1. Do we find a residue being among the aromatic types (Phe, Trp, Tyr) and either surrounded by 10 or more Cβ atoms within 10 Å (Cβ to Cβ) or touching a strand residue (DSSP E or B) at 6+ places or on another chain (Cβ under 9 Å) (or both) anywhere in region 59-70?
2. Sort out which residues of region 1-33 are surrounded by fewer than 10 Cβ atoms within 10 Å (Cβ to Cβ), assigned to a helix (DSSP H, G or I) and of a type in the set (Gly, Ala, Ser), and write them in order of number.
Amino acid sequence: MTDDDTQLDQLFAQARQDRPALPDDLAVRILTDAEAVRLDLAKPKRSAPRSVFRRMVEGIGGWQGLSGLAAASVAGLWIGFAAPDFLPDAATYLYGSEATFALADLDTSFLEDAE
């Protein structure tokens, strides 16, 4: 070891032996503050009642889950109304033949293909 290391070790040893005493009033203030914090933490917290909507959003997964559900719903509606040509018609699978609209006196031309 070098002289610097031995001097540093001696300084650390001296610092470990010379511990300043804590003033009594400071110790009392620290302990009373700690007791006040402990008692405050022990009190039960009153929370406001949660609404049905808030509980439903939390059940879905929060706002992130709700936004994902909304995006998937909008995409499903869009694919349902404006399906690309390579997707089969769901009504054909359900009824076995081409489905017709049974809406009396309503203009349903917007539902048909533009081709």
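Laboratory data are not the source of any read-out in this text; all were calculated from the coordinates shown. Predicted, not measured: the structure shown is a model, and the values here were computed from it. Cβ: placed from backbone, ideal geometry, glycine included. Neighbour counts: every protein chain shown.
1. There is at least one residue in region 59-70 that is among the aromatic types (Phe, Trp, Tyr) and either surrounded by 10 or more Cβ atoms within 10 Å (Cβ to Cβ) or touching a strand residue (DSSP E or B) at 6+ places or on another chain (Cβ under 9 Å) (or both).
2. Across region 1-33, the qualifying residue is only Ala15.
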